[in-house]
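Encoded as structure tokens, the structure appears first; notes follow it.
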Amino acid sequence: MMAAPLYEIRDLRLSFPDLAHKPLFGAAPRVEVLKGLSFDIQRGDVIGIVGGSGSGKSTLGRAMVRLLEVDSGQIRFDGADITHLEEDSLRPLRKRIQMIFQDPMSSLNPRHRVGTIIAGPLQLHGFDQIRERVDFALSQVGLPLAFRSRYPHELSGGQRQRVGIARAIATEPDFILADEVVSGLDVSSQAQVLNLLERLVRDMGLTLAFISHDLSVIRRLCQTTLVLHHGEVVEHAATEQLFGNPQAQYTRELLEAIPLPELSPGWLD
């Protein structure tokens, strides 16, 4: 018998006010960004979420981790309906659902040292042995313990992203959403961060949703791939199947538009 999915998304809809066309009097018209999305994420899966600019990738991710409120539909996490949970009820789940942001400089408080940044979620959720957990998280992402006393501006882009990953894994979550986390890094740093994520998924038993516009990265890292187009799911399949035999016309266009290098088995080693 197949285990229940970790995430179940059903008919998810989300819209934003169109302030550019707001009349002088009355409410602004709304633009629908997510248009009835439905899919599951299995436990232990590494799912790539891909699509062109404006496809709704990041909006979907933020809705899944409840940083955005949806208009309608259902989000179930580990069997519980979290769609409209109040923050007080949602707080115990926050330690199980973490996010790594695209720009670590905007998501890491520049006034805080690295140790304080990683300790923040641990203190919020009432963990004990904070210092030991911070040190363990740093070791897990390959940063020296001396980095506890550094500020974000003293780190390279790749190091800052590792701090973001350390903060995300410190609470031992079940699910991590990574939103374009390597897009601002050089090729060498990209490979190191991706290799790190691949190891953490394996060692910690994580479920990972990886949002990216880089199809070569999706192909290397992800077991399944979800393709979005104008806020709709046009294809959801095993990654190799999707890349080898895409069923949707938009998926074929996406693959044809972006050259895919041949990836050797040791590409990230």
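Values quoted throughout were computed directly from the atomic coordinates according to the rules given, and no laboratory measurement underlies them. In this text, all values refer to a predicted model and were calculated from it rather than measured experimentally. As a convention, Cβ positions derive from the backbone with ideal geometry for all residues, glycine included, and neighbour counts pool all protein chains shown.
What is the local net charge at Ile97, summed over the other residues whose Cβ is closer than 9 Å to its Cβ (Lys, Arg +1; Asp, Glu -1)?
Value of the local net charge: +3.
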Around Phe210, what is the net charge, scoring Lys/Arg as +1 and Asp/Glu as -1 over all other residues with Cβ under 14 Å from its Cβ?
-2
Where does each of 101-109, 78-86 land if you order them by average Cβ count within 10 Å, highest first?
101-109, 78-86
From the Cα gyration tensor of region 38-93, with a ≥ b ≥ c the square roots of its eigenvalues, which class applies: rounded if a/c is under 1.5, or else prolate if a/b is larger than b/c, or else oblate?
oblate
Residues with amide H under 5 Å of Leu226's amide H, sequence separation 5 or more or different chain, H placed in the peptide plane at 1.01 Å from N; which?
Gly48, Ile49, Val50
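How do Asp88, Asp203, Asp71 line up, fewest other C-beta atoms within 10 Å first?
If I rank by nearby Cβ atoms, fewest first, I get Asp88, Asp203, Asp71.
Return an integer: the convex hull volume of the alpha-carbon atoms of region 77-193, in Å³ per residue. Display every interim value, and only then the final one.
On the way: hull volume 13.3 nm³, N = 117.
So the per-residue Cα hull volume is 113 Å³.
Over the chain, what is the mean sequence separation of C-alpha contacts under 8 Å (at least six apart), divided by residue count, expressed as relative contact order in percent?
Value for the chain: 24 percent.
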Amide H of Arg150: which non-local residues (sequence gap of 5 or more, or other chain) have their own amide H closer than 5 Å, using H built in the peptide plane?
Val114, Gly115
Semi-axes (Å, rounded, descending) of the ellipsoid equivalent to region 1-62 per its C-alpha gyration tensor are 33, 13, 7
Can you list residues from other chains, or at least 5 along the same chain, whose modelled amide H is less than 5 Å from the amide H of Gly36?
Leu12, Arg13, Leu14
Computed curve, region 117-162, Cα-only Debye sum without solvent term, log₁₀ I(q)/I(0) at 0.15, 0.22, 0.34 Å⁻¹, is -0.38, -0.78, -1.29
Just to check I understand the Karplus step: with θ = phi - 60° and J = 6.51 cos²θ - 1.76 cosθ + 1.60, what whole-Hz values come out for region 236-253, glycine and proline as x?
8, 7, 4, 4, 5, 5, 5, 6, x, 8, x, 9, 8, 4, 5, 4, 4, 5
For Ala28, what is the net charge nearby, where nearby means another residue's Cβ is under 10 Å from its Cβ and Lys, Arg count +1, Asp, Glu -1?
+1
Two-decimal log10 I(q)/I(0) for region 129-269, as the Debye equation yields it once each C-alpha is a single scatterer, q = 0.17 Å⁻¹:
-0.99
Value of Rg to Rh for the chain (Rh from inverse mean 1/r over Cα pairs, i.e. Kirkwood):
0.97
If each part is reduced to its alpha-carbon centroid, region 109-170 and region 196-255 end up apart, in Å, by 29 Å
